[in-house]
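Have a look at the structure below, then the notes.
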Amino acid sequence: MSAPTRERRASELAPREFLRWMWRQLTSMRTALFLLLLLAVAAVPGSFIPQRGVDERAVEVYVMDHPTMAPILDALGFFSVYSSPWFSAIYLLLMVSLIGCIVPRMAVYAKALRARPPRAPRNFSRMPASGTFETSASVEEVMHAGRRVLGRARIDVVDDAGSGTTELRAEKGYLRELGNLVFHVSIVVVLVGVAVGSLWGYRGAVIVTEGEGFSNTLSQYNEFSSGPLFDAEDLPPFSFRVDRMIAEFQPEGPQRGAPKLFQADVTYTERPGEDPEQYEIYVNHPLSLDGGSVFLVGQGYAPVLRVTDATGEVVFDDAVVFLPSDGSYESQGVIKVPDAQPEQMGFQGFFLPTAVSAGDGAPSTSIYPGAVNPLVGLRMWTGDLGLDEGVPQSVYVLEKDTMTPVNDENGEPFNISLSPGQVQELPGGGSIEFVELKRFARLQVAQTPAMTLPLAGVSVGVLGLIASLMVRPRRTWIRARAGEGGSPTVVEVAALDRVPRDELPEEIDDFLAQFRAELGDSTPEESRA
Amino acid sequence: MSLEQYAQFSNYAMVSATCVLALAFLAHVAEWALARKVEASERALVGADGQDITPPVDAPADPVTERLSRVGVLLTGLAAAILVASVIARGLAAERVPWGNMYEFGLAGTMIALVVYLVLVRTNGVQWLGGIVSGFGLVVLGMSISTYVPAGPLVPALHSYWLVIHVAAVMLAGGLFLVGAAASVLYLIRSRSEERGTVGPVLRRFPASAVMDKIAYRVNAAAFPLWTFGSLIAGPIWAHYAWGRYWGWDPKEVWAFITWVVYAGYLHARATAGWKGRRAALFCLIGFATFLFSYYGVNLFGSGLHSYAK
Ligand code: HEM
C-alpha cells in the first residue's frame, strides 16, 4: 500500500489535533448544554432511590425489600448518586467546559473593553434599522445632539476628510457580557465552595437525655460522617449538657396533637476551662460554636426504669430511649440488663405518651403526643444477651436467639405495664419500676467550611444573570454631511443589536424622534416630552 | 370575626373562587367554540375559497368571541379577588402567613399565578392565555381540596421568616413559569399550523407564533432569577438553620436543582444557540413539568424533609 505522504503527516499530527478537537468540542456551548442536561438527568435517580447520605435506614429497608436489585444498584453507586463516579464525572466535565469557555471569553472581553466602537458600515440601509432626515442644524450641532441622546454609550466622533462626512460611532451594553462572565464565574465559585464544604465538613447525630452531657468526640456520636479530608482529631472541643427538653403540642382544636414547640435548654462550654453558658436550641435556632453548630432535629421520651434482680440488687437504673415511630410518639424501646442474677434479662416494648385502653384485652393506644398519661408496656426475656461475643449490637435491638421469653402462670407472654411510680414484680423474683419520665433531644452537630462561598457565589451570580438578561448591547452610527450652499444637513442613522431583537425598528423611530427634538430645541425637558 | 369565622370564610371564598374560575374557563372555551362557528358561517357566505386562510392577524375581531374573551378575563379577575380574600382570611385564621402546608401552597400558588397573569394581561395583552391559565388554576384548586387541612398553627420547623421569603419567591416564579409554559404550548400548536398553512379560526384568535415565543422567553427570563433566589439561595439558607446543612440532596432539593438546570438550558439555548421556536418551547415545557414535580409531586411522594409541609 502506498499511502500518500500528506496523509501520513496528518496521522502524525493526529493526537494533537485530536486533543485540540476534543477541547473545542468540550468547551462548546452545545456540549455545555448537553452536560448540563445530563447532570439533571443523573440527579433524578437519587430522588427516588434512598440515599446513604440522606437516610441510612431507608437504604437498609430498600436493600431488604429488593434482594436481587439492591446489590446491582449498590455496585453502580445508586445509593450514593451524588458522590458516585459517574455523577462526579459529569460534574467535573461540566466544570472544565465552563472554565474552558470563560477564560477565552474573559480575554476577549478585556480587549473589547479597551476597543473603540467600530466604524460605520458603508450602506446604512442594509442595517437592521436605519433612518435619515434633514436638518438646518450644523454638523457639529448634530453630533452634540447625538451625544446627548445616546447618553452613556461609548462614543467616538470621526471626520472623514475624503467623503466630507462626519460620523458618530456609539456602542453601549458592555455590562451584558460582564454580567454573563460574572454569572459563569460564580457558578465555578459555587461548585468550588460546595466541594470544599463536603471535603472538610463533618456531620454527626447524637441522642442526649435530659440531665446528660455530650462532649464533642467521635465516640460520643450515634452516627457520624465526614468529608475525606476531615480529621476526627480536629473536632472542636466543646461540650454541653441538655438541662431540659421542652415539647409542646396543640392541646385542642382541629390541629390537636400537632407540634407547637420543641426546645432544648442546654448549658455549654465552648472550650475546656471556660465558664459554662446557657442557650436555648430550637428549630431554626441552632447553637453556633467555633468549629460546629448544634441543631435540634428531633425529640422523644426516655422513661427512667429501675430493675432489681432476684437477689435484691439494683442492676439497672437509667433513662431508656424509646424511639418514636411516628408523629403520635408511640415509641419502641429495649432494655438490656447484663448484670442480672441468676440470668441476664432483656425487655422489649413500647411507650405511649397518652395511653387509653381500647377495651378488654385489646392493646392500649396513644391519643395525644404530649405525656398526659404515660405508659410503658414491656415483655421480658431471660438468657444470654449475646453481648460478650464482641459483635457490635444496636442498643435498640434485642437479640432473642439465645433468650427465652418469660411467660405468666397461664403460659401467656408475661406483660409488664407501668405508669410513672409503679413497680411490678417479675416472675422468678426481682422487680421493675417506672421511676420517672424524661425526654431526650436528638441533636445534629455539623460544620460545613466555606459556607459563605456558595452563598456569595449564587447571590453575585444572580445579579450577573439579571445584567446579562436585561442589558441590551447596541451599536449606533450617525453620519452627517453638511449641505452645500445653504441646503440642509443630511443626517443618517443606523443601529445594530448585538443580540438581535425585533423591537429595534420601533426603537430607532423613537430615537430619531428624540434626536430631532433635541436638534429643534436644545432644552432637554421639552425635547423629551 | 373569630378565628373560626375567618377559617369558615376562607373555605367559602375558596369554593366560590373555584366556581368563578370554572365559569371563566367556560367563557374561554365558548370563545374558541364560537370562533369556529363564526368562521364556518363566514366561509359559507364567502364560498369555498380554501386559499385564503390567513387573513391579517389584526383583522377586526368578531364581537361575540371578543366579548367572551373579555368576560373570561373579568371572571378570572373576580376569581383572583375572591381567592385573595380567601388566602388573607386563611392567614388571619391561622395567625401566620397562609402558606404552611400543601393545601395552602395550592391556594396561594394559584392566587399568585392568576395575579401574575392578570398583570400581564394589562401590560402585555396576554388575555389569549386565559383558557390555559384558568383551566390550570382550576385543576390546582381542585387538587388542593384533596389536601385540605383545617387552619392552624405551624409545625416548629416552619417558624422562620425564611418561610415568607423562600415560599413567596418560589410561588412567584411558579406563576411566571405557568404563563411561560402556557405561551409555549400555544406556540407549539400555532407554529405547526403556520408551517402547514392551516391556521384555523381558533388559532387565529392567538397572536402570531413569534409573539408567543417572545412572551414565553421574557416571562421565563424574569422567573429564572426569582427561582434561583427562592430555591437556591433562600432555600439553602433556611435549610442550614432548620436542618443543619444547606444542601443535602433531599428529593425536593434535587428537583429544585433539576428545574433550575432545565430552565438554565432553556435560557442558554435561547440566548446563545439561537434555538428559538420549537426546541426552546419543548425545553420550557420540560422545565415546567419539573417545576410542577418539585412543587407538588415530591410532596405527594411523601419522602424527604419537606414532606411535613403536607
Ligand atoms: C444557570 C443558568 C445559566 C445561564 C442563564 C447562562 C447563560 C449563558 C449565556 C447568556 C451565555 C452566552 C451569552 C452570549 O453568548 O451572549 C452562556 C454561555 C455559556 N455558558 Fe452559560 N449560563 C448558565 C449556566 C451555565 C452552566 C451551569 C454552564 C456549565 C457549567 C454554562 C456553560 C456555558 C458555556 C460553556 C458558555 C459559552 C459557550 C460558548 O459561548 O460557546 N452555563 N451562558
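The values are calculated or read from the model by the stated rules, or taken from the named source; none is laboratory data. What you see is a predicted model, and the numbers here were worked out from it, not measured in a lab. Cβ coordinates were reconstructed from backbone atoms using ideal geometry, including for glycine residues, and neighbour counts include every protein chain displayed.
Residues in the stretch B:214-238 that are under 18 Å from the mean Cα position of the chain (by Cα) and hydrophobic (A, V, I, L, M, F, W, C): B:215, B:216, B:219, B:221, B:222, B:223, B:224, B:226, B:227.
Going residue by residue through the stretch B:214-229, is there one that turns out to be at the interface with chain A (Cβ under 7 Å from one of its Cβ atoms), at pLDDT 90 or above and over 25 Å from residue A:470 (Cβ atoms)? No, that holds for no residue. For the stretch B:225-235, the condition of being away from the ligand (no atom under 16 Å from the Cβ), assigned to a helix (DSSP H, G or I) and buried (at least 20 other Cβ atoms within 10 Å of the Cβ) holds for at least one residue.
Does residue A:147 qualify as being more than 30 Å from residue A:235 (Cβ to Cβ) and in a strand (DSSP E or B)? It is false that residue A:147 is more than 30 Å from residue A:235 (Cβ to Cβ) and in a strand (DSSP E or B).
Okay, residues lined up against (1) within 12 Å of chain B (Cβ to nearest Cβ); (2) closer than 30 Å to residue B:243 by Cβ; (3) within 16 Å of the ligand (Cβ to nearest atom):
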site: A:20; (1), (2), (3): no, no, yes
site: A:30; (1), (2), (3): yes, no, yes
site: A:38; (1), (2), (3): yes, yes, yes
site: A:46; (1), (2), (3): yes, yes, no
site: A:72; (1), (2), (3): no, no, no
site: A:81; (1), (2), (3): yes, yes, no
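State yes or no: is residue A:115 surrounded by 14 or more Cβ atoms within 10 Å (Cβ to Cβ), away from the ligand (no atom under 16 Å from the Cβ) and more than 14 Å from every other protein chain (Cβ to nearest Cβ)? Against the criterion (surrounded by 14 or more Cβ atoms within 10 Å (Cβ to Cβ), away from the ligand (no atom under 16 Å from the Cβ) and more than 14 Å from every other protein chain (Cβ to nearest Cβ)), residue A:115 does not qualify. For the stretch A:410-472, no strands (runs of 3 or more DSSP E) sit wholly inside it while including 2 or more residues that are within 11 Å of chain B (Cβ to nearest Cβ), within 16 Å of the ligand (Cβ to nearest atom) and in contact with a Lys or Arg (Cβ under 9 Å, 6 or more places away or on another chain). One residue stands out among those in the stretch B:270-307 that are in a helix (DSSP H, G or I) and surrounded by fewer than 16 Cβ atoms within 10 Å (Cβ to Cβ): the one that is modelled with the lowest pLDDT, which is B:301. Only a single item in (1) within 18 Å of residue A:475 (Cβ to Cβ); (2) not in a loop (DSSP other than H, G, I, E, B) is not met by residue A:122, and it is number (2).
Of everything listed in (1) modelled with pLDDT under 90; (2) away from every other protein chain (no Cβ under 14 Å); (3) within 16 Å of the ligand (Cβ to nearest atom), the single unmet condition for residue A:508 is (3). Would it be correct to say that residue A:82 is free of Cβ contacts under 8 Å to residues at least 60 places away in the same chain and closer than 30 Å to residue A:41 by Cβ? Taking the combined requirement at face value, the residue satisfies it.
For the stretch A:368-398, filtering for residues that are of a type in the set (A, V, I, L, M), touching a residue at least 12 places away in the same chain (Cβ under 8 Å) and surrounded by fewer than 16 Cβ atoms within 10 Å (Cβ to Cβ) leaves 4. Of the residues screened, residue B:200 is not one that is within 16 Å of the ligand (Cβ to nearest atom) and either surrounded by fewer than 21 Cβ atoms within 10 Å (Cβ to Cβ) or more than 7 Å from chain A (Cβ to nearest Cβ) (or both). Taking (1) modelled with pLDDT of 90 or more; (2) within 11 Å of the ligand (Cβ to nearest atom); (3) not charged (D, E, K, R) in turn, residue A:191 satisfies each apart from (1). Pairs linking a residue in the stretch B:255-272 that is within 11 Å of residue A:37 (Cα to Cα) to a residue that is among the hydrophobic types (A, V, I, L, M, F, W, C) and near the ligand (Cβ under 6 Å from one of its atoms), with Cβ atoms under 8 Å and 6 or more positions apart or on different chains, are B:261/A:36; B:264/A:36; B:265/A:36.
Has the stretch A:495-505 got any residue that is over 39 Å from the mean Cα position of the chain (by Cα), β-branched (Val, Ile, Thr) and over 30 Å from residue A:286 (Cβ atoms)? There is no residue in the stretch A:495-505 that is over 39 Å from the mean Cα position of the chain (by Cα), β-branched (Val, Ile, Thr) and over 30 Å from residue A:286 (Cβ atoms). Close contacts from the stretch B:116-139, counting a first residue that is in a helix (DSSP H, G or I) and a second that is small (Gly, Ala, Ser) and surrounded by fewer than 22 Cβ atoms within 10 Å (Cβ to Cβ), with Cβ to Cβ under 7 Å and a gap of 6+ residues or different chains, come to B:118/B:77; B:138/B:22.
Report yes if some residue within the stretch A:169-186 is outside any strand (DSSP E or B), touching a residue at least 12 places away in the same chain (Cβ under 8 Å), over 30 Å from residue A:495 (Cα atoms) and not assigned by the TED database to the domain that holds residue A:437; otherwise report no. Yes: one or more hits. Under the condition of being facing another protein chain (nearest Cβ under 7 Å), closer than 22 Å to residue B:179 by Cα and in contact with a His (Cβ under 9 Å, 6 or more places away or on another chain), the residues counted in the stretch B:230-261 number 0.
Within the stretch A:511-528, the set of residues being modelled with pLDDT under 80 and in contact with a Leu (Cβ under 9 Å, 6 or more places away or on another chain) comprises A:527 only.
Per-residue answers, yes or no, for (1) surrounded by 13 or more Cβ atoms within 10 Å (Cβ to Cβ); (2) away from the ligand (no atom under 16 Å from the Cβ); (3) within 14 Å of another protein chain (Cβ to nearest Cβ):
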{"site": "A:76", "(1), (2), (3)": "yes, yes, no"}
{"site": "A:91", "(1), (2), (3)": "yes, no, yes"}
{"site": "A:105", "(1), (2), (3)": "yes, no, yes"}
{"site": "A:142", "(1), (2), (3)": "yes, yes, no"}
{"site": "A:152", "(1), (2), (3)": "no, yes, no"}
{"site": "A:164", "(1), (2), (3)": "no, yes, no"}
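Of the residues examined, residue A:141 is one that is of a type in the set (Asp, Glu) and over 48 Å from the mean Cα position of the chain (by Cα). Residues that are away from the ligand (no atom under 16 Å from the Cβ), within 13 Å of chain B (Cβ to nearest Cβ) and assigned to a helix (DSSP H, G or I) do not occur anywhere in the stretch A:478-495.
Scanning the stretch B:145-169 for residues that are of a type outside the set (Phe, Trp, Tyr), part of a helix (DSSP H, G or I), touching a residue at least 12 places away in the same chain (Cβ under 8 Å) and within 14 Å of another protein chain (Cβ to nearest Cβ) gives B:157, B:158, B:163, B:164, B:165, B:166, B:169.
Counting the residues of the stretch B:199-213 that are more than 17 Å from the chain's Cα centre (by Cα) and not in a loop (DSSP other than H, G, I, E, B) gives 6.
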